[in-house]
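So the structure is just underneath, and the comments pick up after that.
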Ligand code: GLU
């Protein structure tokens with residue numbers, strides 16, 4: 001297949017509007033565009049479509065760029081990303097507050113539509129259309145003539161096939177906004193000019209743009225004629241990708257977070273979020289009535305109720321401890337497959353195998369359990385050092401509670417990571433499951449009501465409590481060095497001497513040091529805690545158990 005009907009080299013682009021965080025669907029679009037360019041020795045461009053002045057923001061631009069860098073989808077032309085290494089050529093530290101507006105690479109810039117507009121680039125082509133009578137001005141806005149003037153429009157989409165729209169269904173549309181829109185080009189006009197002038201051969205984007213494509217085709221055709229340059233203004237190959245849905249059948253969208261918060265607030269019967277949360281009461285009520293999807297209110301409710309919001313944006317997945325390669329692998333499968341039941345692959349594989357003929361038309365369902373299990377598999381495949389490094393990076397970015405803890409240090413950190421790697425499905429999971437390791441000794445709470453705890457401790461007249469007392473006495477004389485290992489051996493000896501299962505001794509010790517019978521292997525756990533913490537926790541637990549049993553007597 002020639003690269004393009006005009007034999008142009010493949011050029012794809014990702015063209016986000018910086019009106020919020022990068023949605024997982026946007027990431028998939030970027031991934032497909034990246035993979036197609038890489039697999040066809042082409043070029044991948046990042047262009048920022050910020051002509052909607054009211055909704056675009058520099059923070060969102062920077063966030064999108066950071067997310068693409070985190071995913072590892074690097075572009076050949078466009079705004080420069082943040083420095084990821086100390087020794088980068090800009091001399092700044094990693095991830096400085098970088099300035100994508102003033103640092104761009106490539107011969108086709110600038111790569112911000114706001115900057116292109118300032119250069120008068122769109123106005124030039126709008127004038128051509130006005131002069132030729134293809135467009136006209138009304139109420140300050142410029143409109144392209146459609147309908148009978150242009151006739152029926154047909155195009156072929158690489159996924160959705162042949163599409164034809166009759167002239168009578170095609171209305172004139174605005175290509176440059178009036179004064180209240182800053183006299184800026186509309187998305188339709190800017191996207192076509194930029195794609196044409198940047199040599200984009202394949203326009204890959206979400207299927208919500210399929211219905212816009214007749215407008216775009218009309219602009220290409222009109223400018224091809226007026227400029228007498230049928231190559232630059234040749235229509236690209238359009239590739240629209242299916243939507244990503246929630247298991248319930250709704251489209252996976254930013255609103256899902258507000259929806260989850262609203263539901264939880266209703267169930268918990270939160271009447272009002274306090275003024276202290278900085279939320280206006282009327283806005284809060286409107287939120288509950290689904291009249292807005294305010295992000296601040298969503299976050300305030302989630303915070304108050306300890307609610308985990310569904311991950312929707314790329315940085316939600318980062319924050320939830322998914323590995324970038326896993327996210328990419330999983331989202332590639334939403335709409336595409338390599339055709340041989342293979343489900344696990346990396347970017348290299350994708351760039352070699354990705355093509356449009358295996359992109360399906362049907363919408364795909366986002367299956368969080370599957371993503372989680374992919375993530376667990378990938379975590380298990382990491383080397384011990386790499387896992388310690390990943391989890392360490394995660395702690396530095398997201399978990400101040402662990403940063404100060406002694407376990408987050410040298411050998412202890414490696415020991416901890418090695419012990420938890422096998423069962424971790426996300427990065428924070430082992431942190432959340434083992435907060436007892438970073439708690440103060442007197443911060444462990446004992447609740448003797450749950451069945452496994454009753455069974456291990458207080459049942460049969462406090463049989464487990466008695467065993468814990470024996471352990472306490474036996475631990476007393478042990479050396480502090482290598483405590484976990486010797487303590488574990490000691491428990492083995494006690495069990496052997498008593499002719500009972502070692503677990504009968506071990507479970508009460510786990511409960512004493514962690515408050516629950518689920519911990520990493522006991523020797524590791526006690527090693528990380530050390531002798532004095534272990535003894536102190538056992539003493540507190542014995543006292544609490546006695547008090548509890550007396551109160552029950
Ligand atoms: N700025 C548009 C969007 O974010 C780009 C659409 C396109 O790729 O043509 O949806």
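Compactness of region 319-427 is given as radius of gyration and Dmax, 16.7, 54 Å, from Cα positions. If you line up the long axis of helix 121-131 against the longest principal axis of the chain, both from Cα atoms, how many degrees apart are they, to the nearest 10? Tilt of helix 121-131: around 30 degrees.
Here region 132-206 yields Rg over Rh of 1.01, to two decimals, using C-alpha coordinates and the Kirkwood radius. Evaluated at q = 0.05 Å⁻¹, a Debye calculation over the C-alpha positions of the chain (equal weights, vacuum) places log10 I(q)/I(0) at -0.31. For region 220-358, the relative contact order comes to 19 percent (Cα pairs under 8 Å, sequence separation of at least 6).
With an 8 Å cut-off on Cα pairs and a minimum separation of 6 or more residues, tell me the relative contact order of region 416-552 in percent. Kindly include the intermediate steps, with their values, before the conclusion.
Details: 140 pairs, mean separation 44.8, N = 137.
With pairs under 8 Å counted, the relative contact order is 33 percent.
What whole-number distance in Å separates the alpha-carbon centres of region 419-433 and region 1-49? Between the Cα centres of region 419-433 and region 1-49 lies a distance of 35 Å. Normalised by the number of residues in region 15-86, the mean separation of alpha-carbon contacts (under 8 Å, six or more apart) gives a relative contact order of 43 percent. Relative to the longest principal axis of the Cα atoms of the chain, the long axis of helix 255-267 makes an angle of roughly 40 degrees.
Region 509-551 and region 122-155 have Cα centres lying 77 Å from one another. Ranking of 533, 250, 57 by neighbouring Cβ atoms within 10 Å, starting from the fewest: 250, 57, 533. Given their separation in residues at 0.36 nm each and the Cα-Cα distance between them, residue 449 and residue 407 gain 12.1 nm when the chain is fully extended.
What value does region 145-297 have for Rg/Rh, both radii from Cα atoms and Rh as Kirkwood defines it?
On the way: Rg = 21.9 Å, Rh = 19.1 Å.
Across region 145-297, the Cα-based Rg/Rh ratio is 1.15.
Got a sec? How would 417, 389 order by Cβ neighbour count within 10 Å, fewest to most? Intermediate values should be presented prior to the final figure.
On the way: 417 22, 389 15.
The fewest-first ordering by Cβ neighbours comes to 389, 417.
DSSP assigns beta bridges within the chain; of those with both partners inside it, close to 55 percent run antiparallel.
With n ≥ 4 as the cut-off for DSSP H runs, can you work out [θ] at 222 nm for the chain, using -39500 (n - 2.57) per run divided by the number of residues, rounded to the nearest 500?
My calculation for the chain gives -14500 deg cm²/dmol from helical runs alone.
Calculated on C-alpha atoms, the gyration radius of region 447-553 divided by its Kirkwood radius gives an Rg/Rh of 0.94. On the principal axes of its alpha carbon atoms, region 371-430 extends 31, 21, 14 Å, with the longest extent given first. Each part reduced to its alpha carbon centroid, region 207-226 and region 247-278 end up 39 Å apart. Relative intensity of region 179-222 on a log10 scale, I(q)/I(0) at q = 0.21, 0.23, 0.26 Å⁻¹, equals -0.75, -0.87, -1.03, per a Debye sum over C-alpha point scatterers of equal strength in the absence of solvent. In plain terms, if you count all Cα to Cα distances in region 350-509 and split them into 5 Å steps from zero, the share in each step is 1, 7, 11, 13, 14, 14, 13, 10, 5, 3, 3, 3, 2, 1, 0 percent. Computed from the alpha carbon positions, the gyration tensor of region 471-518 leads to an equivalent ellipsoid with semi-axes of 16, 15, 8 Å, biggest first.
None of the figures in this text is laboratory data; all of them are computed from the coordinates on show. The shown structure was predicted, so the numbers you read here are calculated from the model rather than taken from an experiment. Note that each Cβ is placed from the backbone with ideal geometry, even for glycine, and that neighbours are counted across all protein chains shown.
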